[in-house]
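The values are calculated or read from the model by the stated rules, or taken from the named source; none is laboratory data. Everything quoted here is computed from the prediction, not taken from an experiment. FYI the Cβ positions are ideal-geometry reconstructions off the backbone, even for glycines, and counts take in every protein chain you see. For accessibility, only protein heavy atoms count, side chains too; no ligands or nucleic acids. Shrake-Rupley method; radii C 1.70, N 1.55, O 1.52, S 1.80 Å.
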Amino acid sequence: MAAAKRTVVHYGRRALPGDLQGPFDERYNVVKPDDLTANPELMKTVEGVLMYGMHQVVNAGFLDSMPALKVVSTCSVGYDHIDVAACKQRQVAVGHTPGVVAGATADVAWTLMLAAGRRLAEGHGICTATTTTAFDPNWFGKEVYGSTLGIVGMGGVGFEVARRSVGFDMKVLYHNRQRRDASVEEPVKAEYVSDLKELVSRSNYIVCCVPAYPASNGLFSRDVFASARQGAIFVNVSRGSLVDQDALVENLQSGHLYAAGLDVTDPEPLPRDHPLLTMHNVTLMPHVGTATMKTRVKMGELALRNLEAGLAGKPVEAAPPV
């Protein structure tokens, strides 16, 4: 007699990428959040949680509502929506998907750096406007080549951003919770800066690559933006929660910051009357740092391996620090 399938709740607005959904549905008794609402007794049987495209808040109350839960697997690098300490107290494993996202996310960081610095969206508007009859030869942007790049968060994404800067002959500064070793610094000639305010004061381009976790919320505060170099460009490919958005808007409006390129905001999407939506010096993307089929499939595969390991009582392949 075949063993009963383990019950896993899938939090997500879309199916898993590629061909992953079919085998997932076959292997587990997959339920949706609406199923739990309709039949609360199901919550007592849930042993695994998988998130793809939706960040369900996992706190003490959520965990206590699922007494059989063994593992929470999120298809994301950030884990600020999960109370990791509460999970550990209840012996619930937590898995996330770092590493595999680095290349694609770094590509988007560079897309935003170039677009913000060279005013891509504004330029496109000029080219397509029905009132345009000539191009202004003194319509300038900011130099990228030879500038100073300040990377905040020198993990996988930050290193890939730095690696791409070599061809642009940029000076690379980085800020991290801990200094990285020579194997990271030397290939990109990166200089460690222990003080965040010092880093932003020296950088032409400031790129936020910090994973989202509770202690990183509000990292880019009003004081940090005030310390930024006059005319700097801010790029965020991490999470909107890391940024004081009111302070960002004020610094963009005053001209202290030249421009911003944002793949992430808080909330997402922004309210339709938010000032960031109509500012000429802001380039926005809809949180697509990892949005290529190749990368999303790799994330999905890692999330499923984490799920399987947790259900088997084994260490997950990628676990956030407690």
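Within the option set SER201, SER183, being in contact with a helix residue (DSSP H, G or I) (Cβ under 6 Å, 6 or more places away or on another chain) and of a type in the set (S, T, N, Q) holds for one residue only, SER201. Taking the stated definitions as given, is VAL210 open to solvent by less than 20 Å² (accessible area, probe 1.4 Å), on the phi < 0 side of the Ramachandran plot and not in a loop (DSSP other than H, G, I, E, B)? When the stated conditions are applied, VAL210 does not pass them. Taking the numbered list (1) within 30 Å of ALA319 (Cα to Cα); (2) open to solvent by less than 70 Å² (accessible area, probe 1.4 Å) in turn, ASN251 passes all entries but (1). Taking every residue in region 257-278 that is touching a residue at least 40 places away in the same chain (Cβ under 8 Å) and in a loop (DSSP other than H, G, I, E, B) and pairing it with any residue that is crowded, with 22+ Cβ neighbours inside 10 Å and not polar (S, T, N, Q), at least 6 positions away or on another chain, the pairs with Cβ-Cβ distances below 9 Å are ASP263/VAL108; ASP263/ALA109; ASP263/LEU112; ASP263/VAL235; ASP263/VAL237; ASP263/GLY289. Checking LYS32 against (1) open to solvent by 70 Å² or more (accessible area, probe 1.4 Å); (2) touching a helix residue (DSSP H, G or I) at 6+ places or on another chain (Cβ under 8 Å), which test does it fail? Unmet for LYS32, out of (1) open to solvent by 70 Å² or more (accessible area, probe 1.4 Å); (2) touching a helix residue (DSSP H, G or I) at 6+ places or on another chain (Cβ under 8 Å): (2).
To keep it simple, each residue is scored yes or no on (1) over 29 Å from VAL210 (Cβ atoms); (2) part of a helix (DSSP H, G or I); (3) open to solvent by 50 Å² or more (accessible area, probe 1.4 Å).
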residue: PRO67; (1), (2), (3): yes, no, yes
residue: VAL72; (1), (2), (3): no, no, no
residue: VAL94; (1), (2), (3): no, no, no
residue: THR132; (1), (2), (3): yes, no, no
residue: GLU143; (1), (2), (3): no, no, yes
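Each residue in region 77-91 was checked for being assigned to a loop (DSSP other than H, G, I, E, B), in contact (Cβ under 8 Å) with a residue 60 or more places away in the chain and open to solvent by 10 Å² or more (accessible area, probe 1.4 Å), and 3 of them qualify. In region 219-252, the residue that is nearest to the chain's Cα centre (by Cα) out of those that are closer than 19 Å to HIS55 by Cα and in a loop (DSSP other than H, G, I, E, B) is SER238. If you go through region 118-130 and keep only what is of a type in the set (D, E, K, R) and not in a helix (DSSP H, G or I), you end up with ARG118, ARG119.
When you check VAL297 against the structure, is it of a type outside the set (Ser, Thr, Tyr), open to solvent by less than 20 Å² (accessible area, probe 1.4 Å) and within 21 Å of GLU160 (Cβ to Cβ), yes or no? Criteria not met by VAL297.
Could you tell me how many of the residues in region 145-155 are more than 18 Å from GLY117 (Cα to Cα) and in contact with a strand residue (DSSP E or B) (Cβ under 7 Å, 6 or more places away or on another chain)?
So the first thing to find is which residues in region 145-155 are more than 18 Å from GLY117 (Cα to Cα), and the list is 152-155.
Still in the running and in contact with a strand residue (DSSP E or B) (Cβ under 7 Å, 6 or more places away or on another chain): 152-154.
Residues in region 145-155 being more than 18 Å from GLY117 (Cα to Cα) and in contact with a strand residue (DSSP E or B) (Cβ under 7 Å, 6 or more places away or on another chain): 3 in total.
So how many residues does region 105-121 have that are open to solvent by 20 Å² or more (accessible area, probe 1.4 Å) and of a type in the set (Gly, Ala, Ser)?
Matching residues across region 105-121 total 1.
Remark: pairs (first residue in region 156-184, without any contact (Cβ under 8 Å) to a residue 24 or more places away in the chain and farther than 14 Å from MET113 by Cβ; second residue of a type in the set (Asp, Glu) and buried (at least 16 other Cβ atoms within 10 Å of the Cβ); Cβ separation under 9 Å; 6+ apart in sequence or on different chains) = ARG179/GLU185.
Pairing residues of region 226-244 that are within 27 Å of THR290 (Cβ to Cβ) and in contact (Cβ under 8 Å) with a residue 40 or more places away in the chain with residues that are of a type in the set (Ser, Thr, Tyr) and open to solvent by 30 Å² or more (accessible area, probe 1.4 Å), at Cβ distances under 6 Å and at least 6 apart in sequence or on separate chains, gives ILE233/TYR258.
Against the numbered list (1) open to solvent by less than 70 Å² (accessible area, probe 1.4 Å); (2) without any contact (Cβ under 8 Å) to a residue 40 or more places away in the chain, ASN204 comes up short only at (2). Pairs meeting the criteria (first residue in region 25-40 and of a type in the set (S, T, N, Q), second residue open to solvent by 80 Å² or more (accessible area, probe 1.4 Å) and part of a loop (DSSP other than H, G, I, E, B), beta carbons under 8 Å, at least 6 apart or on different chains) are ASN29/ALA4; ASN29/LYS5.
Among the residues of region 183-198, is any open to solvent by 70 Å² or more (accessible area, probe 1.4 Å), touching a strand residue (DSSP E or B) at 6+ places or on another chain (Cβ under 7 Å), on the phi < 0 side of the Ramachandran plot and of a type in the set (Lys, Arg)? No, the conditions are met nowhere in region 183-198.
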